[in-house]
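Participant: Just passing along the structure, written as structure tokens.
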Amino acid sequence: MKKQFVLCVAAGMLATGVVKAEVSPDTSQTMNHTGKEVVVTASRLEELKKEVTTNVTVITRKQIEDSPAQDLGELLAEQSIGHIQKYPGVLTSVGIRGFRSDSHGNDLRGKILILIDGRRAGTGNLAKLMTDNVEKVEIIRGPGAVQYGSAAIGGVINVITRKGEGKPSFFAEQEVGTFDYKKTTGGVAGTLGDFDYSATVSIANMGDYKTGEDEKYFNTGYDDDIRGSVNLGYEFYPGNRIGLTYTHFEVDKAGTPDELANNDRDDYKKTRNRSIDVNYTGKTADDRFAWMARYFVGEDKDAWYDPTGSNPTFWDDGIPFKKSTDQQGAQAQVSYVEKNFTVTTGVDWMNYDLEQNEYTPRESEYDDMGYFALVKGLLFDQRLVLTAGLRYDDYTVKYNRDETTPETSEDSDSFVKSFGIAYHVSDNVKLRASYGEGFQIPDAQELAADYVVDNWLGTKHYMGNPDLEPEESYTVDGGIEVSVDGFTSSLTVFTTEYDNFIEQVEIAPDVLSWKNQDSATVTGIEGEISYVFPVSLAGSRFFMEPYASGTYLTEYDKHFDDGSPDEVIRYIPEWNLSTGVRLRDANGFSGMFNLAYFGETEVQDWSSWPAKDVTKGGFCVASMSLAKKFPLGNSKSSSVTVRGSVENLFDRNYEYVLGFPMPGRAFTLGLRFDI
């Protein structure tokens, strides 16, 4: 499998050298008015991508529209952004550089931070985030703690919602597909005077699916998957905009199957995530000063049901296990911008209230106040870029073990810094290097758990550890980027030293707790390459874009000061790679073929206790999509688009998580009307 995939990548790279490039108009979606690519995540301020000193990947709106992905998790899996942990239903996490988001709750226990328009999304489950009404997705590969605080150790994923522009427009789309899949989507966008708006809402349903081996996997469907995104704004003075963003995700009933060997047919989950964000962005007429302020609130709720009461101790005699997080926060920043110098300083406030009706602590609260400063300077005719950042966080964790014990409070702080340098050897070649630190605060369960779980694996007593220290990371990377005549590529080498990482351990027979392990090292190489060039076929002119991207880890080991031998960090694949080709023309045709490969992974087999360490084999999964837009009448804005897609094209039997196989070959057909 690995040799076949390498051949695919090599073929794609060789194809990039056959024709002189000519950039398609569709590649301009992340450009500013000068035609240069801009990003906002790395410095919390719009800047040219060529001035960024870290490794930033951008998934454009066109790539999102061409993709068959239904949520952010599927999109990142297709793009091979990192290691995916995807269960049947609506549960997906992503790993970047060996660190993962936490899909089972809010973002506090994750090591990849998910943002919506630059503020915390309040979840680590990527399946809860829609790709409709999204302008682009920016990914920082590496630490982003200086900019965004706790949990941004391995990377930051910023989902940037679409702002309305141009004259008012409306669209409606209907999709149907394999396994009784149905999805209805509608949206509006545009401007009315100084008011801009963009909104999308969808509802989807799907039945149980069959695996690549044509075996029915029961309880994998979902009912009433409702998603919505609204972005409203009013520019009351040139360069000054008041905005409101609302996001909504809710599933009335999502199947939560056990492993295929057990094939549980009745357990299900209800889940919801929603947030509202009020913000103000402004700048002076000469662009010298810019500022931003926002306040946001949100909630993330899950409830697991077992109608047959097959596990009464765990499920409290049929009462569903419920877990919820109420989130609120505020951000304020101001920037001073000169031609060759920029400084941004500000403050972030975050407050999370957590409740659950099982386990202890039943209630907990997290409060964090962070202060940051980011500086960028350009020297030698703007060929040399220097960046630096500092951040100080003062946070408190409060919790009650149960209703009878007094509240306990744990206070701590963290100071992190980052430095970066980039040098433009020419207008098309950039060398860069950076150093960044990250941290993650312990959560209340790790600090204060005290509960017993009695299930088919036996009786386990979970005990918290109030002496836990924050996790810390130190990352160094360096790379090269080349961009010329439609050809773009980047290559990055990185290494992360990870101290005090928190891991669950058995401290006595059938007694589990958490402790700060000694250290770990994650070292690897990541790269991207693509090339846009024109081809002529049967009298028609197309733009073809072969591409490849991936990560290879040369080391991912835990180290112990007591002399114990190093151990491989579990749930990290040695390889993850993606390659494919995109096609489009000037007459409304677009298409994509993608191969995503995930390498062998050391995991635990939980089918028995104690869990055994096993090697989960690698797999390669292919997808394809085609679309054709037809104009309606003489109107340039009205059209009908026919699109089709195939996921798991070769009907492979594969699983992201051991014991949880994914769907076999699935077809989707859609019809969209734009007015």
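The values are calculated or read from the model by the stated rules, or taken from the named source; none is laboratory data. Treat the numbers as computed from the prediction; the structure is a model and nothing was measured. Note that we place each Cβ from the backbone using ideal geometry, even for glycine, and neighbour counts take in every protein chain shown. Note: accessible area is taken over every heavy atom of the protein model, side chains too, but ligands, DNA and RNA are not part of it. Shrake-Rupley method; radii C 1.70, N 1.55, O 1.52, S 1.80 Å.
Participant: Restricting to region 477-501, give me the number of residues that are more than 22 Å from the chain's Cα centre (by Cα) and of a type in the set (A, V, I, L, M).
Facilitator: Selection size over region 477-501: 3.
For (1) touching a residue at least 40 places away in the same chain (Cβ under 8 Å); (2) closer than 16 Å to residue 492 by Cβ; (3) part of a strand (DSSP E or B); (4) acidic (Asp, Glu), each residue gets a yes or a no:
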| residue | (1), (2), (3), (4) |
| --- | --- |
| 405 | no, no, no, no |
| 411 | no, no, yes, yes |
| 420 | yes, yes, yes, no |
| 431 | yes, yes, yes, no |
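Participant: Pick from region 637-664 the residues that are under 22 Å from the mean Cα position of the chain (by Cα) and among the acidic types (Asp, Glu): which of them is surrounded by the most Cβ atoms within 10 Å (Cβ to Cβ)?
Facilitator: Among residues in region 637-664 that are under 22 Å from the mean Cα position of the chain (by Cα) and among the acidic types (Asp, Glu), the one surrounded by the most Cβ atoms within 10 Å (Cβ to Cβ) is 647.
Participant: Would you point out the residue of region 242-261, among those that are touching a Phe, Trp or Tyr at 6+ places or on another chain (Cβ under 7 Å), open to solvent by 30 Å² or more (accessible area, probe 1.4 Å) and part of a strand (DSSP E or B), that is farthest from residue 87 (Cα to Cα)?
Facilitator: The extreme case among them is 242.
For every residue, the table says whether it meets (1) within 17 Å of residue 440 (Cα to Cα); (2) surrounded by 20 or more Cβ atoms within 10 Å (Cβ to Cβ); (3) in contact with a helix residue (DSSP H, G or I) (Cβ under 6 Å, 6 or more places away or on another chain).
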| site | (1), (2), (3) |
| --- | --- |
| 351 | yes, no, no |
| 355 | no, no, no |
| 359 | no, no, no |
| 373 | no, no, no |
| 378 | no, no, no |
| 387 | no, yes, no |
| 396 | yes, no, no |
| 399 | no, yes, yes |
| 414 | yes, yes, no |
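Participant: Follow-up question, since we're still on this one. So which of 185, 191, 211 is over 26 Å from the mean Cα position of the chain (by Cα) and surrounded by 16 or more Cβ atoms within 10 Å (Cβ to Cβ)?
Facilitator: Checking each option against the conditions leaves just 191.
Participant: Ok, one more. Please find, among 639, 625, the residue that is among the polar types (S, T, N, Q) and in contact with a Leu (Cβ under 8 Å, 6 or more places away or on another chain).
Facilitator: 639
Participant: Taking residue 219 and the conditions (1) at positive phi; (2) surrounded by fewer than 17 Cβ atoms within 10 Å (Cβ to Cβ), which numbered condition does it fall short on, given that it satisfies the others?
Facilitator: Answer for residue 219: the failing condition is (2).
Participant: Select from region 455-489 the residues that are open to solvent by 20 Å² or more (accessible area, probe 1.4 Å) and among the polar types (S, T, N, Q) and list them in ascending order.
Facilitator: 455, 459, 465, 483, 488, 489
Participant: When region 579-637 is examined, which residues are found to be aromatic (Phe, Trp, Tyr) and in contact with a helix residue (DSSP H, G or I) (Cβ under 8 Å, 6 or more places away or on another chain)?
Facilitator: 597
Participant: Ok, one more. Here is a list: 203, 160. Which entry is open to solvent by 40 Å² or more (accessible area, probe 1.4 Å), touching a Lys or Arg at 6+ places or on another chain (Cβ under 9 Å) and under 21 Å from residue 68 (Cα atoms)?
Facilitator: Result: 203 is the single residue among 203, 160 that is open to solvent by 40 Å² or more (accessible area, probe 1.4 Å), touching a Lys or Arg at 6+ places or on another chain (Cβ under 9 Å) and under 21 Å from residue 68 (Cα atoms).
Participant: For region 361-371, give me each residue that is outside any strand (DSSP E or B) and open to solvent by 20 Å² or more (accessible area, probe 1.4 Å).
Facilitator: Within region 361-371, just 362 meets the criteria.
Participant: From the list 243, 193, 212, which one is farther than 25 Å from residue 305 by Cα and without any contact (Cβ under 8 Å) to a residue 24 or more places away in the chain?
Facilitator: 193
Participant: Just one of 493, 505 is in contact with a Lys or Arg (Cβ under 6 Å, 6 or more places away or on another chain) and either in contact (Cβ under 8 Å) with a residue 24 or more places away in the chain or in a strand (DSSP E or B) (or both); which is it?
Facilitator: From the options 493, 505, the qualifying one is 505.
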